[in-house]
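Chemist: Let me begin by handing over the structure; questions about it come next.
Read-outs throughout are calculated quantities, based only on the coordinates presented, and are distinct from any laboratory measurement. Note that the structure is predicted; figures quoted are calculated from it, not measured. Using ideal geometry, Cβ is built from the backbone for each residue, glycine included, and neighbour counts are taken over all protein chains shown.
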Amino acid sequence: MTRVLLSEDHPQYVTEAHGCRFTGADGREYLDLMCGWGPVVLGYAHPAVRRAADEQTRLGDCVNGAAPVMVELAELLVDTVPSADWAMFAKNGTDATTTCVTIARAATGRRKVLTAHGAYHGAVPWCTPGKSGVTVEDRAHVDHFEYNDIASLGAAVDRAGGDLAAIVVCPFRHDVRRDQELADPEFARAVRALCNRTGAAMILDDVRCGFRLSLGGSWEPLGVRPDLAAWSKAMANGYALAAVTGIAALRDAASDVYVTGSFWYSAVSMAASVATLTELRETDALVRMDRAGQRLRDGLDAQAKRHGLEVNQTGPVQMPLLTFAGDPEFTVATRWAREAVTRGVYLHPTHNWFLSAAHTESDIDEILDRTEDAFAAIARSVGGLSPN
């Protein structure tokens, strides 16, 4: 039985995608604000990425050893990310975060790992509490702190004592079903200082944010660099790939741990990543995402005011979320998302959205033309103001 995704109006199957649009199995075209749930940073079917992937497919993909493009990609990552002295590759974000934790434990000889309450770091037992099949023992050495709360973080560090292996942190608080929360620079610096003091590894989970907010790492603008970073999603513009980067002091530990996967050395994704990172480095793609995101945010704010609706727009403009005031169960947000998708705009009511470099000003304006009607429908149903 097929599980309904978001609502009955949201398309369940996609037949074609180009730029910032995709076509559902029903033949309808949608303007997309989820970008494959984050991996697509340049736009669907980006020509340079497709050419690189096609050429590597001709040469070989999954064979008996790594292709030379793996070395090229590792060197490109190290040249792009200031905190990276080495790189290793995997297939998805869970691989990367789990490998970071494994390396931290190997390097320190310790067990305890701290993560923020509600943070998502992957889909394996060490980082997915309260799910079917997860035991207490799976999470025996994981403790929590409140994001952006230095006192809470310090208390968790004290509880771990001399057994603290790592602090894992996201670039901003992007938990589902709540407004997003940007990192307080003082909090980011406190994470770094506590890791320095205790000898624990600082792990930045840049799986969701990486290469969208800043090429060198999402906390690079804050002047805070991790010991280990986990990457995936946008690094290959939709091709399956993940990476771990780290400082020189952790190179030996990274070499000693056992990690592998059947398709980890598939070369096509690596070629796609080289093309993706090169495009991000050599063009104004990040500037375009920021500009498009700000245009969208400004437009949605104006529309909500016109219809007498109070909304909260949180998170970076490249990874926004819109919620409604006085809507703790996200009932109105869910209804608004459904109104939007029936008008051909695909977005999510409780998970952050994603902008790509393919979102042009005209695309954003077309999205806003359609969300205007969605706001009008919500205003009628919840008693907001009608437009003049």
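Chemist: Among all the lysines, which ones have a C-alpha under 16 Å from residue 91's C-alpha, if same-chain residues fewer than 8 places away are not counted?
Modeler: Residue 91 reaches 233.
Chemist: Compute the distance from the alpha-carbon center of the range 243-281 to that of the range 104-163, in whole Å.
Modeler: Measuring centre to centre over Cα atoms gives 24 Å.
Chemist: Could I ask something else about it? At 222 nm, what helix-only mean residue ellipticity would the chain give, in deg cm²/dmol to the nearest 500, using -39500 (n - 2.57) for each DSSP H run of four or more?
Modeler: Working: 10 runs with 144 residues, N = 388.
Rounded to the nearest 500, the figure is -12000 deg cm²/dmol.
Chemist: Note down the magnitude of the dipole of the chain about its Cα centre, charges +1 on Lys and Arg C-beta and -1 on Asp and Glu C-beta and zero elsewhere, to the nearest 20 debye.
Modeler: Numbers: 37 positive and 49 negative charges, 109 e Å.
The calculation lands at about 520 debye.
Chemist: So how far apart, in nm, are the two label points at residue 189 and residue 369 if each is 7 Å from Cα heading toward Cβ?
Modeler: My value for the distance between the label points is 4.8 nm.
Chemist: Along the Cα→Cβ direction, 7 angstrom out, place labels at residue 117 and residue 85. What is the inter-label distance in nm?
Modeler: Result for the modelled spin labels: 3.7 nm.
Chemist: Quick one: grab the alpha carbon gyration tensor of the range 269-376, order the square roots of its eigenvalues as a ≥ b ≥ c, and give me rounded if a/c is under 1.5, else prolate or oblate depending on whether a/b is larger than b/c. Working shown, then result.
Modeler: Details: a/c = 2.27, a/b = 1.96, b/c = 1.16.
Prolate, because a/c is 1.5 or more and a/b exceeds b/c.
Chemist: Residue-wise, which Karplus ³J(HN,Hα) couplings in Hz belong to the range 219-227, taking 6.51 cos²θ - 1.76 cosθ + 1.60, θ = phi - 60°, and x for glycine or proline?
Modeler: 9, 4, x, 8, x, 10, 10, x, 7
Chemist: Per-residue counts of other Cβ atoms within 10 Å, averaged by peptide: what ranking do you get for 142-148, 13-19, 226-232, highest first?
Modeler: Values: 142-148: 18.6, 13-19: 14.3, 226-232: 28.3.
In descending order of packing, they fall as 226-232, 142-148, 13-19.
Chemist: Is there a quick way to get the dipole size of the range 10-137? I mean about its Cα centre, with the Cβ of Lys and Arg at +1 and of Asp and Glu at -1; what is the value in debye to the nearest 20?
Modeler: 560
Chemist: By average Cβ neighbour count within 10 Å, what is the ranking of 257-265, 44-52, 240-248 from highest down? All intermediate terms of the calculation are to be shown ahead of the outcome.
Modeler: Working: 257-265: 12.9, 44-52: 18.7, 240-248: 23.1.
The densest-packed peptide leads the list: 240-248, 44-52, 257-265.
Chemist: Treating only the Cβ of Lys, Arg, Asp and Glu as charged (+1, +1, -1, -1), what charge dipole size does the range 1-51 show about its Cα centre? Round to the nearest 20 debye. Write out the running numbers ahead of the final one.
Modeler: On the way: 5 positive and 6 negative charges, 62 e Å.
The dipole magnitude comes to about 300 debye.
Chemist: Going toward the positive end of the dipole of the chain, with +1 on Lys and Arg Cβ and -1 on Asp and Glu Cβ, which of 377, 76, 97 do you reach last?
Modeler: The one lying farthest along the dipole's positive direction is 97.
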